[in-house]
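As structure tokens, the structure follows; a few thoughts come after it.
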Protein chains: 2
Amino acid sequence: MAVSDDLVRVPDVNREMCPSRLILEHVTSRWGVLVLAALLERSYRFSELRREIGGVSEKMLAQTLQTLERDGFVHRDAKPVIPPRVDYSLTPLGKEAAEQVWGLARWTERRVADVEAARVSYDDEKARAAASL
Amino acid sequence: MAVSDDLVRVPDVNREMCPSRLILEHVTSRWGVLVLAALLERSYRFSELRREIGGVSEKMLAQTLQTLERDGFVHRDAKPVIPPRVDYSLTPLGKEAAEQVWGLARWTERRVADVEAARVSYDDEKARAAASL
DNA sequence: AGTGGGTACTTACTAATAGTTAGCGCCTTG
DNA sequence: CAAGGCGCTAACTATTAGTAAGTACCCACT
């Protein structure tokens, strides 16, 4: 029973039904990564964030922020003023996640050239293989 | 002109058309994260990986591996034997990416309880707010 | 005084993407 | 001699992401 309890309790992202899988998907989601990385540098208002993160729609930004808020990563501070003002910032938990995805974002930017070089050699080899049939 | 050159050259994941955006999406993709993290521990054959990563379909695993291979993260070694044997492993570049997503995966597993606690208090507050209308 | 714009969203619809099922050729195992 | 494993791919469907418009309120400009 200790065994079967452990099967349920020990989180493992490789298990399809493990809650950790969903959490990981939230933080690594297309817009989640960019939101967390942006909020690591400072807090943002909704439409500031929308301008900061190129290509995000209002719908997806709202949805992403709601998911991250529910998971306890993001704090939403809605000031009851007109025009509406809503500030988004990281919680301590969110900051931990954000540091990791921020690192990933910066790493990616540094390695763009390497990846592009890898792609041309991959495509070249594929073309050569196709030609020699 | 140095200025406009820089605008094109300096990678920034927040710019919609920046190549770094796509690369980041590949490594943070639903299955990409899990594939990279798994391959950090050892190399795997195709169907070994499929069994290791719960819930991945053959189609998505093949697609993910092809994307990661083209980006230079994963090395594919197809031995011309029967039955077919294909080994997947990380390149040095892929190892750098994998270390980061591995950290994220382990962090997520450690924080599951915190996230679940955050969710109940979020849902509670929502329910209380809805009740007091 | 009316038009356009900004605030933070939600809703309805459509396009893109992910997942499901079946198939391939070849071989080993029961 | 059928069943299953190997590493895929192709066709089809379900789910999800993206687009466009609407909401309600206010300010600045003409």
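Computed values, structure above
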item: Simple Cβ-charge dipole of chain B, Lys/Arg +1 and Asp/Glu -1, about Cα centre, in debye nearest 20; result: 440 debye
item: Hz values of 3J(HN,Hα) by residue in the stretch B:10-22 - Karplus curve (6.51, -1.76, 1.60), Gly and Pro given as x; result: 6, x, 8, 4, 7, 8, 4, 8, 6, x, 4, 4, 5
item: Cα-centre dipole for the protein assembly as shown with unit charges at Cβ (Lys and Arg positive, Asp and Glu negative), debye to 20; result: 340 debye
item: The stretch A:21-97 - charge dipole about Cα centre, Lys and Arg +1 at Cβ, Asp and Glu -1, debye rounded to 20; result: 160 debye
item: Long-range amide H partners of residue B:75 with built H, under 5 Å; result: B:89, B:90, B:91
item: For residue B:43, residues with placed amide H under 5 Å, excluding near neighbours; result: none
item: Label point distance in nm, residue A:128-residue A:57, each placed 7 Å from Cα along Cα→Cβ; result: 4.3 nm
item: Two-decimal ratio, the protein assembly as shown, of alpha-carbon radius of gyration to 2.2 N^0.38 Å; result: 1.13
item: For residue B:83, inter-copy label distances in nm, listed shortest first [label point 7 Å out on the Cα-Cβ vector]; result: 6.3
item: Rel. contact order, % - alpha carbon contacts under 8 angstrom, at least six apart, the stretch A:2-131; result: 23 percent
item: Residue and distance (whole Å) for the chain B Cβ nearest the axis that superposes B on A; result: B:28, 2
item: Dimensionless Rg ratio for chain B, taking C-alpha atoms and the 2.2 N^0.38 Å reference; result: 1.43
item: Whole-Hz couplings from phi, Karplus 6.51/-1.76/1.60, listed for the stretch B:40-57; x for Gly and Pro; result: 5, 7, 6, 7, 9, 8, 3, 7, 5, 4, 4, 6, 5, 9, x, x, 7, 8
item: Nearest-0.05 FRET efficiency for residue A:86 and residue B:10, computed from C-beta distance (R0 30 Å); result: 0.45
item: Residue among B:47, B:102, B:88 farthest towards the positive dipole end of the protein assembly as shown, charges placed on Cβ; result: B:47
item: Most mobile listed residue (A:85, A:70, A:111) in chain A, GNM with C-alpha springs under 10 Å; result: A:111
item: From phi via Karplus (6.51, -1.76, 1.60), per-residue ³J(HN,Hα) for the stretch B:103-120 in Hz, x at Gly/Pro; result: x, 5, 5, 5, 4, 4, 4, 5, 9, 3, 4, 4, 5, 5, 5, 4, 5, 5
item: Cα radius of gyration and Dmax for the stretch A:38-112 (Å); result: 13.1, 44
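We did not get these values from a lab; they are worked out from the coordinates using the rules stated. Keep in mind that this is a model prediction, so the values were computed, not measured. Note: ideal-geometry Cβ built from the backbone for every residue, glycine included; neighbour counts use all protein chains shown.
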